[in-house]
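Chemist: Below you'll find the structure I mean.
Every number here is computed from the coordinates shown, using simple stated rules; none is lab data. Computed from a prediction, not measured in an experiment: that's the story for all the values here. Here the Cβ is made from the backbone with ideal geometry for all residues, glycine too, and neighbour counts use every protein chain on show.
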């Protein structure tokens, strides 16, 4: 158990909070985080007040970190030719906005570290974020999207993919000093219009690319660490069940299910829109199958049928 203190930041929309509100308690029980902080609109604060997390977590108004309207206005300006007078859906801005919130929080965090954790993900087993020698872990998975690295190279010349793995792991322990340094490097790039880092990011993306979700805060930060602070973290392989919502119902997943999943997975995600299909019922949550097979064996047996979904790969 590390003596390093940090809080966990969960950026979540009011419409998404209820989906996992009965499982968020696992984050307080299974991580070393001092407290959970939900970042969102006033609607999130109202839902938190009525949930079982009342008194166990805090809320921060997203606009107090970065006003949504400012980001939305720049997005509309960038996409004006494509919109042709039409209205820009908030969701298009929201995908970038939630990443900017996670990055900019470094400017107001009083601790050395803070952890960002995806709002659709819960831990399967106890998670420590520091090694025995008190070095923070930088967790990695297997994913690749070339555009992420093209964009980061425009933002910080020389920044590129440094390891074969991906830093997109549904969570990340952020060193405030390193994140501030990265934001400063982006803002110092006079070749890109804008003053603040988020303006530079949006302005460096080609108009026709913006709606393709071509920026990743996790890949950008992780790659910057690998380039400029290679000894600051210890790399660790991370496994999460990304398509958990296709096999488990958030309302009925049990302690037995989590104990079984925890044999091979660190976390499980329930992505928006995912539901348990009829042919997926009574499969991963079947006690008989759980007794005979491990979760890794089960997933490896069926993930070829995911038709382009995330495929989990083990190094050993």
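Chemist: Give me the percent of DSSP beta bridges within region 6-237 that run antiparallel, rounded to the nearest 5. Provide the component values of the computation, followed by the final result.
Modeler: Numbers: 7 of 25 bridges.
If I count the DSSP bridges inside region 6-237, around 30 percent turn out antiparallel.
Chemist: Using Cα pairs under 8 angstrom and six or more residues apart, how large is the relative contact order of the chain, in percent? Mind showing how you got there, number by number?
Modeler: On the way: 466 pairs, mean separation 58.7, N = 316.
Reported as a whole number, the value is 19 percent.
Chemist: Translational D (Stokes-Einstein, µm²/s) of region 1-72 at 25 °C and 0.890 mPa s when Rh comes from the Kirkwood sum over C-alpha pairs?
Modeler: Details: Rh = 12.9 Å.
Estimated via Stokes-Einstein, D reaches 190 µm²/s.
Chemist: While we're on this one: Of 298, 103, 129, which is the most mobile in a GNM of the chain whose springs link Cα atoms less than 10 angstrom apart?
Modeler: 298
Chemist: Using only helices, what value at 222 nm comes out for the chain when you add -39,500 (n - 2.57) per DSSP H run of length 4 or more and divide by the total residues, to the nearest 500 deg cm²/dmol? Show your work: numbers first, answer last.
Modeler: Values: 14 runs with 116 residues, N = 316.
Computed ellipticity for the chain at 222 nm equals -10000 deg cm²/dmol.
Chemist: If you don't mind, another one. Relative contact order of region 77-228: what whole-number percent is it, with Cα pairs under 8 angstrom and at least 6 residues apart?
Modeler: Working: 153 pairs, mean separation 46.4, N = 152.
So the answer I get is 31 percent.
Chemist: Let me ask another. Report, to the nearest 10°, how far helix 68-78 tilts away from the longest principal axis of the Cα atoms in the chain, using its own Cα long axis and a range of 0 to 90°.
Modeler: 60
Chemist: Still on this structure: By count of other Cβ within 10 Å, fewest leading, how are 117, 238 ordered? Write out the running numbers ahead of the final one.
Modeler: Working: 117 25, 238 22.
If I rank by nearby Cβ atoms, fewest first, I get 238, 117.
Chemist: Okay, next question. Please report the relative contact order for region 241-305, taking Cα pairs under 8 Å with a sequence separation of at least 6, and give it as a percent rounded to a whole number.
Modeler: Values: 61 pairs, mean separation 28.1, N = 65.
Relative contact order for region 241-305 comes out at 43 percent.
Chemist: Now, a different point. Give me 58, 133, 217 ranked fewest to most by other Cβ atoms within 10 Å of their Cβ, as a rough exposure proxy. Write out the running numbers ahead of the final one.
Modeler: Numbers: 58 14, 133 6, 217 24.
Ranking 58, 133, 217 by Cβ neighbours within 10 Å, fewest first, gives 133, 58, 217.
Chemist: Sticking with this structure for a sec: On C-alpha positions alone, give me the angle between the axis of helix 217-228 and the longest principal axis of the chain, in degrees, nearest 10.
Modeler: The answer is roughly 70 degrees.
Chemist: In addition: With everything on Cα atoms, drop me the angle between helix 176-187 and the longest principal axis of the chain, reported from 0 to 90° to the nearest 10.
Modeler: With rounding to tens, the tilt is 40 degrees.
Chemist: Let me ask you something else. For the pair residue 234 and residue 272, how long in nm is the line joining their label points, each one 7 Å along Cα→Cβ?
Modeler: Here the answer is 3.7 nm between the modelled labels.
Chemist: For region 1-123, state the average projected area of the convex hull of the C-alpha atoms over all orientations, rounded to one decimal in nm².
Modeler: The Cα convex hull of region 1-123, projected and averaged over all directions, gives 8.3 nm².
Chemist: Tell me, 16, 257 in order of fewest to most beta-carbon neighbours within 10 Å?
Modeler: Working: 16 17, 257 21.
Listed from fewest to most nearby Cβ atoms, that is 16, 257.
Chemist: Once you have the alpha carbon radius of gyration of region 241-305, what is it after dividing by 2.2 N^0.38 Å, with N set to its residue count?
Modeler: Details: Rg = 10.8 Å, N = 65, 2.2 N^0.38 = 10.7 Å.
Against the compact-globule rule of thumb, the ratio is 1.00.
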